[in-house]
1. So, in nm, how far is label R302 from label A84 when the simple model puts each one 7 Å beyond its Cα toward the Cβ?
2. If you only keep lysine pairs separated by 8 or more in sequence, or across chains, how many in the chain come under 27 Å at the Cα atoms?
3. Under unit Cβ charges (Lys, Arg +1; Asp, Glu -1), what dipole magnitude, rounded to 20 debye, does the chain have relative to its Cα centre?
4. Roughly what would the spin-label model give for R324 and D203, points 7 Å off Cα along C-beta, in nm?
5. Under 10 Å, Cα contacts only: if you run a Gaussian network model on the chain, which one of G255, G74, G353 comes out with the highest mean-square fluctuation?
6. With r defined as the distance between the Cβ atoms of R58 and I229 and R0 fixed at 25 Å, what FRET efficiency is calculated, to the nearest 0.05?
7. Compute the Cα gyration tensor for region 43-259, then decide on rounded, prolate or oblate, letting a ≥ b ≥ c be the square roots of its eigenvalues: rounded whenever a/c is under 1.5, prolate when a/b is larger than b/c in the other cases, and oblate in all that remain.
8. In whole Å, how far is the Cα centre of region 223-271 from that of region 344-407?
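Nothing in this text is a laboratory measurement; each read-out follows from the coordinates by a stated rule. Since we're looking at a predicted model, the values are computed, not measured. Cβ atoms come from the backbone with ideal geometry, glycine included; neighbour counts cover every protein chain shown.
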Amino acid sequence: MNEKIEHMRFAETVSSGERGHHTGRVARARAKPAPQAEAVVDLAAIAHNVRILRESARDAALMAVVKADGYNHGAVPVAKAALAAGASELGVTTVSEALALRRAGIDAPVLAWMHTVDADFAPAILAGVELGVSSPRHVAAVVAGAHRVGTTAIVTIKVDTGLNRNGVAPDELEQVLVDLARAQAEGSVRLRGIFSHLAHADDLHHATIDSQQERLVSAVGDAKRQGLIPEVVHLSNSAATLTRPDLRFDMVRPGIAIYGLSPVPGQYGLRPAMTLRSRVALVKKVSVGEGVSYGHQWVAPRDTTVALLPFGYADGLPRALSGRFEVQLGSSRRPGIGRVCMDQVVVDLGPDGGGVSEGDTAVFFGNGDLGEPTAQAWADELDTIHYEVVTGVRGRTVRSYVGGTPT
Ligand SMILES: Cc1ncc(COP(=O)(O)O)c(C=O)c1O
């Protein structure tokens, strides 16, 4: 089920090295054209960002968060690049995400931290996936799974220290600890870690950061009094990893910064890993006074030339960006004009067409090096965060890789 959804989201995943190198006779005669719309992920940028985060983490270990298919960059290639660059563990949300990493041959520690209580934990236990527990019901379900398969489950307690979302609520912590201590004594679980997640990590001096830290330390003390000694305690996401070295504990747990997007003002030398681009499907003249796209929201103020890009809201270009975005095409920025449609959008090239031809590549966002917009620019325009921009790329977009081998 999940796999199918993934394939629908990103129809095809190729390494740019594969393109044009077909083995069949017919294919050899005719190189495969670049996809109509492509999210190119730079694995060298991923490695670079992990190295930067490793420096901030100093002697703490680094868990690379690759949930949501690696923030839509491809969990397996990102995980492999991150592990090679110095990450030692991986974090995901669901058991099925964790099992997908195992199926890809990744044997590094993997933590999955959000489950319904009726989840079937048996496959995860057999695969050595570390299970985050957030209530006594989760503990009971994991213990039942361990009994079923006759294997010790690896467990990490997610403590709610003030985010009031996932995690053990304060009034249930004691029960969780008592139940886990009993289960550990009988050999059905092994406590690996205790962790929590910050509510205001991007606000360096917010008072809740210190109170969350104190509550985590207190929960670790409570666990130890029950004979539960965690191997790793962790709290820091990307923002805290970069700005609050005092919160490192044994491990940091960054996500977004691995993908090169800064969670706080300041660049920290991070390199955005995703470039979103599309090829020009059509170039045509539009006369002065003619309207463009549904509703004729844009009317040509002069005779002009436009380019059609086969990329629409079904592919991750929000309709709310209609008339409010630019692409890098040829040597300059070109404004999007008229409404963004499901499958296509139009950009204005000016009266002379700017030398743009059908088949040329337009960049929606990238790392900015060539003058193109960034995911942050889209986020600013949409009054959202760059997390949502990169995870929103979908539909017919083909994901491809540069800067390393994605396998
Ligand atoms: C529990 C947990 N840890 C770590 C992260 C990584 O956060 P960020 O992407 O802000 O670094 C997330 C992401 O939301 C998370 O849910």
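1. Distance between the two pseudo-spin positions: 5.0 nm.
2. Working: K4/K32; K4/K67; K4/K80; K32/K284; K67/K80; K67/K158; K80/K158; K158/K224.
Close lysine pairs found across the chain: 8.
3. Magnitude of the dipole: close to 1140 debye.
4. Label-label distance for R324 and D203, simple model: 2.4 nm.
5. G353
6. 0.60
7. Values: a/c = 1.94, a/b = 1.18, b/c = 1.64.
It comes out oblate by the Cα gyration axes.
8. 29
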